[in-house]
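Each remark here refers to the structure printed beneath this line.
The values are calculated or read from the model by the stated rules, or taken from the named source; none is laboratory data. Keep in mind that what you see is a predicted model, and the values were worked out from it rather than measured. Here the Cβ is made from the backbone with ideal geometry for all residues, glycine too, and neighbour counts use every protein chain on show. When the accessible area is computed, the model is the full protein with side chains, heavy atoms only, and any ligands, DNA or RNA have been set aside. Shrake-Rupley method; radii C 1.70, N 1.55, O 1.52, S 1.80 Å.
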Amino acid sequence: AQSVTQLGSHVSVSEGALVLLRCNYSSSVPPYLFWYVQYPNQGLQLLLKYTSAATLVKGINGFEAEFKKSETSFHLTKPSAHMSDAAEYFCAVTRGTGRRALTFGSGTRLQVQP
Amino acid sequence: NAGVTQTPKFQVLKTGQSMTLQCAQDMNHNSMYWYRQDPGMGLRLIYYSASEGTTDKGEVPNGYNVSRLNKREFSLRLESAAPSQTSVYFCASSARQGEWETQYFGPGTRLLVL
């Protein structure tokens, strides 16, 4: 079975500072991993995904994530936060064989201070 | 392209009432999903449909039924609403039901059961 753990339900950074949102996964098979963003009162939008092609994945809006098998991690980073990055971020993993829908983490709300 | 659309946006029900949440996608996707989002719990899969004519249970199917009306539409029905079903419901679709497939989400339906 697959699962993800997002460390920190709330993260606050200053505008221009590094953004680091943590995600650790548990998987009995090689995982496919995703980061989604949810802006207030909207649905989820894909930021990036890892599908085993490259360990460093670049996404939209300047975000990237690195798959580290030894650490079972897939942390999301952005070098310089913008006010528009304020949102909730979800890490997700596929469920493996059979059911192929996503298993989501509990989410991290990012606040960006001026 | 409208992408994934959901109706209604908001709904208030009394305990025991029934209702159907509608979802439609115009991307010619084969697979569709229903999730619920509760605070601190991320998204949990209720039901999914790998292709037209098929449906299967997800993590939390109790109290819900679904219908894949055609390739475009996937509805979620609450036969007898309970306060525990107060949540935000998201519909999603993907081209195929593969691990690497990106899911596209609708804007959500906020449901309050009194």
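In this structure, does B:Gly63 turn out to be touching a helix residue (DSSP H, G or I) at 6+ places or on another chain (Cβ under 8 Å) and either under 21 Å from A:Leu46 (Cα atoms) or open to solvent by 40 Å² or more (accessible area, probe 1.4 Å) (or both)? It is true that B:Gly63 is touching a helix residue (DSSP H, G or I) at 6+ places or on another chain (Cβ under 8 Å) and either under 21 Å from A:Leu46 (Cα atoms) or open to solvent by 40 Å² or more (accessible area, probe 1.4 Å) (or both).
Failed condition for A:His82, given (1) open to solvent by 30 Å² or more (accessible area, probe 1.4 Å); (2) within 10 Å of chain B (Cβ to nearest Cβ), with all others met? Of (1) open to solvent by 30 Å² or more (accessible area, probe 1.4 Å); (2) within 10 Å of chain B (Cβ to nearest Cβ), only one is false for A:His82: (2). The residue that is farthest from the other protein chains (Cβ to nearest Cβ), counting only those in segment B:66-93 that are open to solvent by 60 Å² or more (accessible area, probe 1.4 Å) and small (Gly, Ala, Ser), is B:Ser80.
Selection over segment B:1-59 of residues that are part of a loop (DSSP other than H, G, I, E, B), touching a residue at least 24 places away in the same chain (Cβ under 8 Å) and under 17 Å from B:Pro83 (Cα atoms) gives a count of 6. In summary, B:Ala81 fulfils each of the numbered conditions (1) part of a loop (DSSP other than H, G, I, E, B); (2) over 18 Å from B:Thr7 (Cβ atoms) with the single exception of condition (2). Pick from segment B:47-60 the residues that are within 12 Å of chain A (Cβ to nearest Cβ) and of a type in the set (D, E, K, R): which of them is most open to solvent (accessible area, probe 1.4 Å)? Residue satisfying both the conditions and the ranking: B:Lys57.
Which of the residues that make up segment B:12-46 are among the hydrophobic types (A, V, I, L, M, F, W, C) and either open to solvent by less than 50 Å² (accessible area, probe 1.4 Å) or under 24 Å from A:Glu88 (Cα atoms) (or both)?
B:Leu13, B:Met19, B:Leu21, B:Cys23, B:Ala24, B:Met32, B:Trp34, B:Met41, B:Leu43, B:Leu45, B:Ile46
What strands (runs of 3 or more DSSP E), lying completely within segment A:55-114, carry at least 1 residues that are out of contact with any Gly (no Cβ under 9 Å at 6 or more places or on another chain) and of a type in the set (A, V, I, L, M)?
Values: elements: A:56-58, A:64-68, A:73-78, A:87-94, A:102-104, A:108-113.
Counting at least 1 such residues, we get A:56-58, A:87-94, A:102-104, A:108-113.
Each residue in segment A:27-60 was checked for being touching a strand residue (DSSP E or B) at 6+ places or on another chain (Cβ under 7 Å) and more than 18 Å from A:Gly105 (Cα to Cα), and 6 of them qualify.
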